[in-house]
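Okay, structure first, notes after.
The values are calculated or read from the model by the stated rules, or taken from the named source; none is laboratory data. Worth saying up front: this structure is predicted, and the values here are computed from it rather than measured. When we count neighbours, we look across all protein chains shown, and the Cβ atoms used for this are built from the backbone with ideal geometry, even at glycine.
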Amino acid sequence: MNTNDPIDFFDELDNEEQTDNFINKDKRRQRFPERHFKAVRAENAEFIGAQDDSRRSFNFTYQAARFEEWWLLDSLGDFYEHKWITDVLRRVKGGKEASVYQCRPGPAVDAPLVAAKVYRPRSLRNLKNDGQYRAGRTDLDEEGNAIVKAGEIHAMQKRTNYGESLRHQSWIAYEFDTLELLHEAGANVPKPYAMESNAILMGFVGDLATSAPALSSITLEPEEAGPLFERVLHNIDLMLAHGRIHGDLSAYNILYWNGDITLIDFPQVVLPESNPASWTIFLRDIVRICQYFSTQGVACDPNELAPQLWTAHGHKVVKQVDPKYLDAEDPRDRRIWEKQK
C-alpha cells in the first residue's frame with residue numbers, strides 16, 4: 001500500500017478487506033477473493049437506497065435497467081430532493097459521454113418539461129483527446145469555482161482516483177458555466193437550472209411526445225436555410241464575444257424545433273485567449289457548419305468566413321487545422337483534410 005498519496009491511501013482504507021490488513025500489518029497478509037462487479041454494484045445500489053430517504057421515495061415512470069436505475073437515483077436524487085424534478089419520463093438520447101432524460105419539473109422550475117443530462121461513470125466514458133480542449137482552462141469544482149488547493153491540483157496532475165473525479169467534475173462544470181453565460185447573453189442554448197456532481201438540469205427542447213431532432217437529420221426548406229445559417233453564425237459570434245468556442249460544433253449538436261435552433265453539448269468549450277490550438281478548433285467548427293448548410297443550398301466558404309469572425313474579435317489567424325485535431329475515422333474530418341491538401 002503506497003501512503004505517499006493520502007487520498008489514494010484513504011480510498012484503500014474504505015475497503016474493509018484492506019483495512020483489516022492495515023490494522024494487522026504485523027501479521028501475515030490475508031488474501032481475499034475478488035468480488036464480482038455485479039455483486040459490488042448490487043451492494044452499492046442497496047446501500048444508497050437505504051441511506052437516502054429522498055431516493056427511497058423517488059419512483060420514476062421511466063423503466064430503467066437495474067444499473068441505469070441505480071445510476072439515475074444516485075445522479076438525480078438531489079434534483080428530486082430539492083424539488084427541481086418530480087419524475088423521469090423517458091430517455092431521449094444516449095451517447096458515449098452522457099445520456100439525456102426527459103423529466104417532469106418540480107415547483108422550483110418555470111418550464112413544462114426539463115432535460116437532465118446524466119454523465120456516464122468515468123470508467124465507462126469514451127472521450128478522445130479531451131486534453132486539447134482542457135488546455136488553457138482553469139479546472140472548476142462542483143460549485144463552479146476555480147480549483148486552487150495544492151492537494152487537489154496535485155491529485156489531478158498525478159491522475160489519482162480522486163484527481164480523476166475532480167477532472168470529471170470540472171468537465172461538467174464547464175458545460176453548466178457556459179450555458180449560464182450564453183443563456184444570459186441571449187444565445188440559442190437551453191436554460192440551465194441546476195448542476196450536481198454528475199448531472200445538469202436544463203430546459204427541454206420539444207414536447208411531451210417528441211424531443212427536438214438534431215439539425216443533421218433535417219432537410220430544411222429553401223426559404224429557412226439561409227436565415228438559420230445566419231442564426232448559427234450569430235451564436236458563434238456571440239460565443240467568441242464571451243470568450244468561448246464550442247469546440248465540437250456541427251449539425252449533430254444543434255437541435256431543430258418549430259423552425260428555430262438550439263445549440264447543445266458544451267463540456268469541451270475552448271477558451272480562445274489561452275488555448276494554443278483555439279484557431280484550428282474554431283476553423284473546424286466553421287467548416288463542419290458550412291458542410292451541412294452547403295447541402296441545404298446555402299453558399300458559404302469556411303476559409304473566408306472563419307478568419308472574418310475570428311479577427312473581428314481581435315484574434316490572430318495561426319494556421320490551418322492541424323491533423324492531430326482531426327479524427328481519421330470521421331468522414332467529416334477526412335473531407336476537411338482533403339480540402340486543405
Seminar exercise, completed: Scanning segment 112-143 for residues that are in a loop (DSSP other than H, G, I, E, B) and either at pLDDT 75 or above or surrounded by 14 or more Cβ atoms within 10 Å (Cβ to Cβ) (or both) gives Pro112, Leu113, Arg120, Arg125, Leu127, Asp130, Ala135, Gly136, Arg137, Asp139, Asp141, Glu142
Seminar exercise, completed: Residues of segment 252-275 being in a loop (DSSP other than H, G, I, E, B) and out of contact with any Gly (no Cβ under 7 Å at 6 or more places or on another chain), in sequence order, are Asn258, Gly259, Ile264, Asp265, Phe266, Pro267
Seminar exercise, completed: Residue set Leu283, Leu249; condition outside any helix (DSSP H, G or I), closer than 22 Å to Gly131 by Cα and modelled with pLDDT of 95 or more; output residue Leu249
Exercise. In segment 84-102, what residues are within 25 Å of Ser165 (Cβ to Cβ) and either loosely packed, with under 15 Cβ neighbours inside 10 Å or of a type outside the set (Asp, Glu) (or both)?
Worked result: Trp84, Ile85, Val88, Arg91, Lys93, Gly94, Gly95, Lys96, Ala98, Ser99, Val100, Tyr101
Problem set entry | Options Asn198, Asn188: the member that is under 19 Å from Asp139 (Cα atoms) and touching a Ser or Thr at 6+ places or on another chain (Cβ under 7 Å) | Asn198
Problem set entry | Options Glu273, Glu304; residue that is over 27 Å from Glu224 (Cβ atoms), loosely packed, with under 13 Cβ neighbours inside 10 Å and either in the same structural domain as Ala251 (by TED's automatic domain parsing) or modelled with pLDDT under 75 (or both) | Glu273
Exercise. What tally of residues in segment 261-282 results from selecting those that are touching a helix residue (DSSP H, G or I) at 6+ places or on another chain (Cβ under 8 Å) and under 21 Å from Val189 (Cα atoms)?
Worked result: 13
Seminar exercise, completed: Selection from segment 290-306 of residues among the aliphatic types (A, V, I, L, M) and under 18 Å from Val317 (Cβ atoms) yields Leu305, Ala306
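Condition check ((1) assigned by TED's automatic domain parsing to the domain that holds Ala108; (2) in a loop (DSSP other than H, G, I, E, B)) across all residues:
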residue	(1), (2)
Gly151	yes, no
Ile172	yes, no
Thr178	yes, no
Asn188	yes, yes
Ala209	no, yes
Leu233	no, no
Exercise. Which of the residues spanning segment 187-216 are basic (Lys, Arg) and modelled with pLDDT under 95?
Worked result: none
Problem set entry | Single residue of segment 224-242 satisfying the filter (farther than 11 Å from Gln296 by Cβ and acidic (Asp, Glu)) that is nearest to the chain's Cα centre (by Cα) | Asp237
